[in-house]
Amino acid sequence: MTLLKITQIGHPVLREVAEAVDDVADPDIQMLMGDMAATMADAPGIGLAAPQVYRSIRVIVFSVPAERLGPDDHPGPEGITALANPSFEPLDDEMVTGVEGCLSIPQLRGLVPRHRRIVYRGIAPDGSLVEERAEGIVARVLQHEIDHLDGVLFLDRMCDLKALAIDEELHHLLKTETSEDPPQ
Ligand code: NI
């Protein structure tokens, strides 16, 4: 596996709508999924989308360790999950505000509202169809990564840019928040 260079904010590929995957068995897609998993683990991060490695293709990887789950959160799948053509639907109207970072936006973190509970779907590397429920941070990561495939960054989802901070000043924002998540 190869560690890939991570696209930084300002590069236009981060603002494109990515192309759907036609054939997940394509060796190029298989290699991309493996390289993205290795790149995310190395960063380290808990999610990565293909535009973040200069590929405008609808592929994401994510991995949320158990210790990152909130007390009431439904756990995500174990290990690293790779999905082609992922999508999601909210399960209800509840929104929750939490801290997000992004490997393409170094040092900055902000408070972002996301759906608390979703159902997500996608195609696994073996070609099988995935349909799972996600909640809390796992749901947040999925929404963040799927946004990347539509050229949307977490900054665009913030209600108030005053809720943006560099890592060293994040504690000021967290006076009323409880979670701190690694970059996605
Ligand atoms: Ni990101």
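The values are calculated or read from the model by the stated rules, or taken from the named source; none is laboratory data. Predicted, not measured: the structure shown is a model, and the values here were computed from it. Accessible surface is based on the protein model in full, side chains and every heavy atom, while ligands, DNA and RNA are left aside. Shrake-Rupley method; radii C 1.70, N 1.55, O 1.52, S 1.80 Å.
Computed on the Cα atoms alone, the convex hull of the chain gives a volume of 111 cubic angstrom per residue.
Each of H171, H74 has its accessible area taken with a 1.4 Å probe; listed largest first, they run H171, H74.
For the chain, the longest principal axis of the Cα atoms and the long axis of helix 27-42 meet at an angle of about 30 degrees. Remark: the range 12-176 carries 46 Å² of accessible area per residue (probe radius 1.4 Å; ligands, DNA and RNA excluded).
Think of it as helices only: each DSSP H run of n ≥ 4 in the chain is worth -39500 (n - 2.57), and spread over all residues that comes to -5500 deg cm²/dmol at 222 nm. Take R157: with every protein chain present and a 1.4 Å probe, its accessible area is about 110 Å². Full extension of the chain between R133 and S87 gives 15.4 nm of extra length, using 0.36 nm per residue less the Cα-Cα distance.
Within the assembled protein chains, the solvent-accessible surface assigned to Y54 is about 90 Å², based on a 1.4 Å probe. The portion of the accessible surface of the range 12-176 made up by carbon and sulfur, rounded to a whole percent, is 52 (1.4 Å probe; DNA, RNA and ligands excluded). Segment A43..M1, full-extension length gain: 13.7 nm, with 0.36 nm per residue of separation and the alpha-carbon distance subtracted.
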